[in-house]
Structure formats: structure tokens, C-alpha cells
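Q: Have a look at this one before I ask anything.
The values are calculated or read from the model by the stated rules, or taken from the named source; none is laboratory data. Nothing here was measured: the structure is a model prediction, and the numbers come from that model. In this analysis, Cβ positions are derived from the backbone assuming ideal geometry, glycine residues included, and neighbour counts consider all displayed protein chains.
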């Protein structure tokens with residue numbers, strides 16, 4: 001195992017507040033009642049899809065501040081990211097806040113990366129750190145696949161990029177839910193080149209990170225109410241269980257996947273499930289964090305997965321690497337140690 005491959009917080013960090021916004025299709029799914037707001041207009045009143053995604057992020061951070069009861073200037077730092085080149089949606093969403101900004105990218109694992117970095121900053125003395133990510137179906141389709149007017153047929157293993165955003169406020173330990181530990185992901189590349197099969201590209205990274213954290217902490221799957229992957233979808237989820245099973249660890253009783261949870265795959269014709277930075281961000285903020293705060297859930301591992309897809313590099317014959325960053329969320333605080 002690499003040195004310091006996992007970090008148990010010496011002092012736990014609180015997720016003090018959170019917000020979630022979802023588009024119309026996501027709001028019609030099984031988790032529709034969990035999101036703070038459902039936006040029926042996919043353009044969010046803007047002229048372009050990219051401007052729409054920035055508007056969605058602005059609404060998410062504004063709602064976060066309202067729920068936390070603090071002004072924007074009370075934030076010490078904003079960590080934000082999205083799927084669009086140069087973190088365009090995030091940069092233009094936070095430019096009016098006039099506070100320190102870190103733009104990040106781990107594809108669909110970006111929210112977990114933000115929580116990981118925010119935990120380190122907060123543990124180092126930063127008073128209030130906001131984490132913000134989003135994705136938009138139409139802006140992602142334009143960048144990674146085809147213009148919507150092209151009308152390309154989706155393969156059965158393809159996933160539907162969610163129009164959604166999630167935001168969280170991290171502070172020193174005050175109240176549940178707490179972040180007790182983190183595990184940065186390693187780039188895993190099994191040589192897959194099918195840009196439609198994101199779940200298969202991400203599953204090896206999820207297996208690697210989850211198994212490393214369990215080994216580092218001496219815990220078992222049964223010690224957690226849920227081990228939540230970001231958005232492997234149905235295809236990637238099956239592969240994850242197969243990979244961890246071969247390693248002697250059975251996750252089947254506790255595994256949940258945000259990409260599977262957010263849509264009714266058959267009724268909504270989303271094929272293998274949801275994806276995108278906003279997928280797990282909105283599900284974690286809308287579904288899991290409230291249950292951790294009130295004690296319905298005690299401990300979960302949030303292992304967000306990302307396919308580090310570059311359309312240009314794929315066209316040059318390269319494969320699609322995967323990444324998975326893990327966050328240990330709990331209803332209970334406890335002190336830890338560096339592993």
C-alpha cells in the first residue's frame with residue numbers, strides 16, 4: 001500500500017449545510033422529492049446550455065448560503081468543477097463571489113474530490129469551505145458526443161448525463177454528518193476504448209479505492225449502512241461486484257449507486273443509468289446527507305467514480321482511464337490517525 005493512501009481525520013469535519021438542484025427529467029425520477037429544487041426549464045433562463053449550467057451552479061450556491069444562514073463573504077474558499085473544458089460552468093458561476101476559488105476536475109468523481117480537498121483545507125484551519133459541482137445533459141452531449149440535433153442512437157450500455165448540481169459547506173466539527181476519512185483515487189486503465197461504456201471504464205477504479213480503504217481501516221462492508229458509488233450505472237455496478245468478489249470482498253448487501261438510484265431506467269429510457277458531476281453530487285446532498293444527519297444512516301462510504309475521457313485523445317487511439325475518490329461520512333464523530 002502507498003504511504004498515506006488513506007487519511008482518517010485527526011478532527012472530524014462537519015458537512016454543515018448542503019443544497020441540491022435537479023432538472024425536470026431528474027425530478028421525475030425516484031428521488032424527485034429529495035432535491036431542494038426541480039427546474040422545469042433546462043435552459044435556466046439563459047441563451048446557451050453552458051450558460052444554463054453556470055446559472056444552475058449559481059442557484060445551488062445561493063441556496064446553500066441561505067440554508068447555512070451566512071453571506072457569501074463568510075466563505076473562505078469555493079472548490080468547484082464540472083465536465084466542460086476549463087471548468088467553464090464553475091468559473092463563470094463563482095466569478096461574482098469575489099472569494100478564493102479552486103477549479104477542479106475528476107469527471108464524475110469531481111464532487112468527492114472537492115469534499116476530499118475541502119476536508120484537508122478545513123482540517124488545516126480554513127473556517128468555511130464550499131464544494132460545488134454540476135453537470136448538464138445538453139452541454140455534456142455537445143462536448144463529448146454529438147450535437148443534440150444529430151439524433152444519434154444511444155447504445156444499451158450508455159448512461160444519461162444528469163442535469164443537476166450539488167453544493168456542500170464544510171466546517172470544523174459541529175454537528176452531523178461528519179467526514180471521518182478520505183481516500184484519494186489512483187488512475188486505473190483497463191484499456192477500454194468504448195466512449196459509450198463509462199461504467200466499465202470506472203468500475204476497476206471503484207474496486208481499487210474501496211478495497212484500499214477497507215484494508216487501511218480494518219473494516220468490512222458490513223460495518224457500513226451503504227457503500228455508495230458515484231455513477232457506475234447498471235453495467236459498472238455489476239462489474240464492481242464481480243471485481244471485489246474476486247478479491248474476496250462481497251459488497252452486494254450494501255452497494256448503492258447514484259446513477260442507478262436517480263432514474264427509473266425502464267420508465268425513463270435512461271439505459272444504464274445516470275452520470276455526470278451533478279449526478280452523485282445531487283444524490284449525496286439530496287438523499288444521503290439528510291439521512292446521515294438525523295441518524296437514519298450511521299456510516300456510509302461515498303466512492304465517486306469518474307471516466308477521464310478526452311474525445312480528442314480517444315480519436316487518437318488512446319483508452320479511457322478511470323478514477324475513484326472516497327469519502328467516509330458518518331452520523332458520529334471520532335478522532336483518527338494518518339494511515
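Q: So for segment 57-77 (the condition being farther than 18 Å from residue 132 by Cα and surrounded by fewer than 22 Cβ atoms within 10 Å (Cβ to Cβ)), does at least one residue qualify?
A: No, segment 57-77 contains no residue that is farther than 18 Å from residue 132 by Cα and surrounded by fewer than 22 Cβ atoms within 10 Å (Cβ to Cβ).
Q: If residue 248 meets every condition in (1) surrounded by fewer than 24 Cβ atoms within 10 Å (Cβ to Cβ); (2) at positive phi; (3) within 16 Å of the chain's Cα centre (by Cα) apart from one, which number is that one?
A: (3)
Q: Please state which of the following conditions residue 191 fails to meet, knowing it meets all the rest: (1) modelled with pLDDT under 95; (2) under 22 Å from residue 62 (Cα atoms).
A: (2)
Q: Scan segment 40-57 residue by residue and report those that are farther than 23 Å from residue 113 by Cα and touching a strand residue (DSSP E or B) at 6+ places or on another chain (Cβ under 6 Å).
A: Residue satisfying the conditions is 42 alone.
Q: Let me ask another. Being more than 15 Å from residue 303 (Cβ to Cβ) and under 16 Å from the mean Cα position of the chain (by Cα) is the filter here, so list the residues in segment 175-200 that pass it.
A: Listed by number, the list holds a single entry, 198.
Q: Looking at 334, 296, can you tell me which residue is at pLDDT 95 or above, out of contact with any helix residue (DSSP H, G or I) (no Cβ under 7 Å at 6 or more places or on another chain) and surrounded by fewer than 16 Cβ atoms within 10 Å (Cβ to Cβ)?
A: 296
Q: I'd like the full set of residues that are under 26 Å from residue 212 (Cα atoms), touching a residue at least 60 places away in the same chain (Cβ under 8 Å), touching a helix residue (DSSP H, G or I) at 6+ places or on another chain (Cβ under 7 Å) and assigned to a helix (DSSP H, G or I), limited to segment 242-281.
A: If the condition is that a residue be under 26 Å from residue 212 (Cα atoms), touching a residue at least 60 places away in the same chain (Cβ under 8 Å), touching a helix residue (DSSP H, G or I) at 6+ places or on another chain (Cβ under 7 Å) and assigned to a helix (DSSP H, G or I), then 259, 261, 277, 279, 280, 281 are the ones that fit.
Q: Among the residues of segment 9-23, are any surrounded by fewer than 16 Cβ atoms within 10 Å (Cβ to Cβ), modelled with pLDDT of 95 or more, more than 26 Å from residue 333 (Cβ to Cβ) and in contact with a strand residue (DSSP E or B) (Cβ under 8 Å, 6 or more places away or on another chain)?
A: Taking every residue of segment 9-23 in turn, none turns out to be surrounded by fewer than 16 Cβ atoms within 10 Å (Cβ to Cβ), modelled with pLDDT of 95 or more, more than 26 Å from residue 333 (Cβ to Cβ) and in contact with a strand residue (DSSP E or B) (Cβ under 8 Å, 6 or more places away or on another chain).
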